[in-house]
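Just below is one structure, and these are the notes that go with it.
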Amino acid sequence: MVAHLDETPEDPIEGEISPQIANLRTALGARLRGHRIHRNMTGVALSSAAGISGAMLSKIESAERIPSLPVLVALAAALGVEVGDLFGSSAGLTEPVLVRAGQPLSTRKVDDDDLVQIEQLGVMELPEVQIRLLRMRAAKGCKTMKPVQFDGFWIDHIVKGELVVCIGEREYHLRAGDTMTYRGEVPHYGRFPGGATEVLAVQGWINTNAQRRIKLDGALLSPGQR
């Protein structure tokens with residue numbers, strides 16, 4: 001059995017917590033999440049590197065728990081920052097992040113047959129918007145991705161192959177070299193009419209309360225699926 005640093009009782013605060021403690025939880029969770037995302041780390045990768053459980057990390061990031069000092073030290077070390085940086089205002093956006101060729105990337109499969117995969121190449125999280133650079137690869141034989149709808153936008157560039165972008169009732173046939181920009185509020189999906197396809201895409205999520213009402217029918221990368 002592997003012991004985790006977080007195998008301790010819940011916060012030693014009884015009764016109703018003060019607004020100051022609640023604000024501290026929220027700020028710490030947001031900044032920890034910002035550092036993690038900025039470094040292109042999944043929750044699994046960070047919790048493993050810090051020696052804590054994924055459930056514990058989720059509670060900290062969602063402001064349900066304040067970590068102990070040893071856990072804070074472990075998280076900061078895993079992120080390559082100082083403990084004080086987790087309480088700063090920059091949320092990990094002050095230093096450049098370089099991902100070398102061959103480094104592992106956060107990847108999701110989009111369909112049950114594993115014919116479409118999305119790799120997260122980079123991410124920048126700002127107060128108003130979260131922006132991701134994604135690489136989508138569709139194997140020969142893949143037909144259609146499932147519809148998705150969210151508050152934000154897409155910028156698609158076709159590296160090779162073909163992609164039909166279906167937005168509402170309209171279809172746009174894109175070929176290698178084409179680029180298309182469109183908003184995400186209208187239900188949309190991709191269809192692959194030919195062989196293997198590769199797409200570089202910029203995805204922007206608008207940080208509003210409407211994000212909580214995102215309608216996803218598929219497995220596209222979303223802020224809650226890291």
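The values are calculated or read from the model by the stated rules, or taken from the named source; none is laboratory data. Since this is a predicted model, take the numbers as computed values, not measurements. Counting neighbours? That spans all protein chains shown, and the Cβs are built from the backbone with ideal geometry, glycine included.
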Check your understanding: Can you name the number of the only condition in (1) within 23 Å of residue 115 (Cβ to Cβ); (2) outside any strand (DSSP E or B) that residue 185 fails?
Key -> (1)
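Yes or no, residue by residue, for (1) more than 20 Å from the chain's Cα centre (by Cα); (2) at pLDDT below 80:
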residue	(1), (2)
1	yes, yes
22	yes, yes
31	no, no
44	no, no
55	no, no
93	no, yes
Check your understanding: Which members of the stretch 143-176 meet the condition of being on the phi > 0 side of the Ramachandran plot and in contact with a His (Cβ under 8 Å, 6 or more places away or on another chain)?
Key -> 168
Review point. At pLDDT 50 or above, under 25 Å from residue 34 (Cβ atoms), surrounded by 14 or more Cβ atoms within 10 Å (Cβ to Cβ) and assigned by TED's automatic domain parsing to the domain that holds residue 161: does that describe residue 190?
Key: no
Review point. Is it fair to say residue 108 is at pLDDT below 70, basic (Lys, Arg) and within 30 Å of residue 194 (Cα to Cα)?
Key: yes
**Study point:** Given (1) farther than 30 Å from residue 193 by Cβ; (2) at pLDDT 75 or above; (3) acidic (Asp, Glu), number of the condition residue 119 does not satisfy
**Key:** (1)
Revision key, fill the gap. Of the residues in the stretch 57-91, those that are among the aliphatic types (A, V, I, L, M), modelled with pLDDT of 80 or more and within 15 Å of residue 39 (Cα to Cα) number 7
